[in-house]
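S.K.: Dropping the structure in here first, questions after.
The values are calculated or read from the model by the stated rules, or taken from the named source; none is laboratory data. These numbers were taken from a predicted model, which means no experiment stands behind them. Backbone-built Cβ (ideal geometry, glycine too); neighbour counts: all protein chains shown. Heavy atoms of the whole protein, side chains included, go into the accessibility calculation; ligands, DNA and RNA do not. Shrake-Rupley method; radii C 1.70, N 1.55, O 1.52, S 1.80 Å.
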Amino acid sequence: MLTLHNMQMSGNCYKVRLVARQLNIPLRLVDYPVGSGKTRTPEFLAKNPNGRVPLLELEDGRCLAESNAITSYLARDSALIPRDPWAQAKMLQWMFFEQYSHEPYIAVARYWLREAPKQEFEKKRHLVPEWHEKGNAALAVMDQYLSQQNWFAGDSYSLADIALYGYTHVADEGGFELSSYPSVCAWLKRVAAQPGYIPLNESW
């Protein structure tokens with residue numbers, strides 16, 4: 001069985017769990033609580049020198065890091081990856097957007113405002129306006145696109161939607177007003193209606 005080195009509150013880990021559940025792929029979870037330091041042990045660093053989860057460990061011991069790489073591996077040959085070359089390229093476009101223009105602000109704001117120790121957050125408080133400015137810019141780009149499209153890649157639900165859903169649906173926990181983005185809100189409901197959907201806080 002595949003092993004997912006996992007942090008329950010992480011949107012990046014959630015993406016992997018959601019793909020696996022929707023594709024009926026069994027996973028064994030090994031949990032790493034926030035602040036536990038377990039991803040910095042020699043044992044974990046031997047599996048992923050970057051010291052982060054999610055990390056997918058195959059039966060033969062090979063390990064794959066980075067959430068979008070993991071979901072792409074799990075979803076190979078499935079309907080979550082479009083067959084059409086243009087739609088597949090659009091899927092990748094939005095997955096790169098998520099990692100470079102979305103996650104660094106929306107996920108980071110959520111972590112520091114919700115999960116981080118208060119004394120540590122105070123050292124970062126001055127960055128909150130920048131996180132909100134750039135995170136809102138990403139949400140506005142998504143909202144404009146979704147005003148004309150139901151999904152991010154072609155005409156159907158794909159890995160691009162899962163990648164962007166992971167942190168968008170909990171963006172309010174980072175101080176973002178999702179109600180300002182009606183097309184995003186409608187899309188969030190479409191994602192949550194997909195077969196096999198599980199919420200972020202659901203145990204495996």
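S.K.: Can you tell me the FRET efficiency between Glu130 and Arg40 if r is taken as the Cβ-Cβ distance and R0 is 22 Å, rounded to the nearest 0.05?
M.R.: On the way: r = 27 Å, r/R0 = 1.25.
Computed FRET efficiency for Glu130 and Arg40: 0.20.
S.K.: Note down the relative contact order for segment 1-121 as a percent, whole number, built from C-alpha pairs under 8 angstrom at least six residues apart.
M.R.: Working: 118 pairs, mean separation 29.0, N = 121.
Result for segment 1-121 is 24 percent.
S.K.: Another one. Give the peptides 10-20, 151-161, 187-197 in descending order of average Cβ contacts within 10 Å, highest first.
M.R.: Details: 10-20: 24.5, 151-161: 21.3, 187-197: 13.5.
The packing order, highest mean first, is 10-20, 151-161, 187-197.
S.K.: Here is a follow-up. Pull out the extension gain between Lys123 and Gln148, defined as 0.36 nm times the separation in residues minus the alpha carbon to alpha carbon distance; nm, one decimal.
M.R.: Values: separation 25, 0.36 × 25 = 9.00 nm, distance 4.07 nm.
Value of the extension gain: 4.9 nm.
S.K.: Moving on. With an 8 Å cut-off on Cα pairs and a minimum separation of 6 or more residues, tell me the relative contact order of segment 123-197 in percent.
M.R.: On the way: 44 pairs, mean separation 23.9, N = 75.
The value is 32 percent.
S.K.: To the nearest 20 debye, what is the magnitude of the charge dipole of the chain about its Cα centre, counting +1 on the Cβ of each Lys and Arg and -1 on the Cβ of each Asp and Glu? Don't jump to the answer; show the numbers that get you there.
M.R.: On the way: 21 positive and 22 negative charges, 55 e Å.
My answer is approximately 260 debye.
S.K.: At a threshold of 8 angstrom on Cα-Cα distance, excluding pairs fewer than six apart, so keeping six or more, what relative contact order does the chain reach in percent? Could you put the intermediate results ahead of the total?
M.R.: Details: 268 pairs, mean separation 51.4, N = 204.
Averaging sequence separation for qualifying contacts and normalising by length gives 25 percent for the chain.
S.K.: Students often check this: by mean Cβ neighbours within 10 Å, which of 22-32, 170-180, 123-133 ranks highest, and how do the rest follow? Each step should come with its number before you reach the end.
M.R.: Numbers: 22-32: 14.9, 170-180: 16.6, 123-133: 12.9.
Sorting 22-32, 170-180, 123-133 by mean packing, highest first, produces 170-180, 22-32, 123-133.
S.K.: Which value at 222 nm does the chain reach when only helices count, each DSSP H run of 4 or more adding -39,500 (n - 2.57), with the total divided by all residues and rounded to the nearest 500 deg cm²/dmol?
M.R.: Values: 9 runs with 94 residues, N = 204.
Theoretical 222 nm ellipticity from helices: -13500 deg cm²/dmol.
S.K.: Could you tell me which label, among (i) 1.01; (ii) 1.16; (iii) 0.94, carries the value of Cα Rg over 2.2 N^0.38 Å calculated for this structure?
M.R.: Entry (i).
S.K.: Now for a separate question. To the nearest Å, what is the center-to-center distance of segment 34-61 and segment 67-121, using C-alpha atoms only?
M.R.: One Cα centre to the other: 19 Å.
S.K.: For segment 97-202, which whole percent of the accessible surface, found with a 1.4 angstrom probe, sits on carbon and sulfur atoms?
M.R.: On the way: 2530 of 5110 Å².
Looking at segment 97-202 in its full context, I get 50 percent from C and S.
S.K.: Can you give me the accessible area per residue for the chain, using a 1.4 Å probe, in Å²? If you can, show how the numbers build up before the last one.
M.R.: Working: 10170 Å² over 204 residues.
I get 50 Å² per residue for this part.
S.K.: Let me ask something else. Using 29 Å as the Cα-Cα cut-off, could you pick out the over-long pairs in Lys38/Lys90; Lys38/Lys124; Lys123/Lys189?
M.R.: Details: Lys38/Lys90 36 Å; Lys38/Lys124 23 Å; Lys123/Lys189 36 Å.
From the list (Lys38/Lys90; Lys38/Lys124; Lys123/Lys189), the Cα-Cα distance tops 29 Å for Lys38/Lys90; Lys123/Lys189.
S.K.: Now for a different question. Can you work out the FRET efficiency for the pair Tyr197 and Asp31, with r the C-beta to C-beta distance and R0 = 22 Å, to the nearest 0.05?
M.R.: On the way: r = 21 Å, r/R0 = 0.97.
The value I calculate is 0.55.
S.K.: With r as the distance between the Cβ atoms of Val141 and Met9 and R0 = 25 Å, compute the FRET efficiency 1/(1 + (r/R0)^6) and round to 0.05. Please report the intermediate quantities before stating the final value.
M.R.: Working: r = 26 Å, r/R0 = 1.02.
It comes to 0.45.
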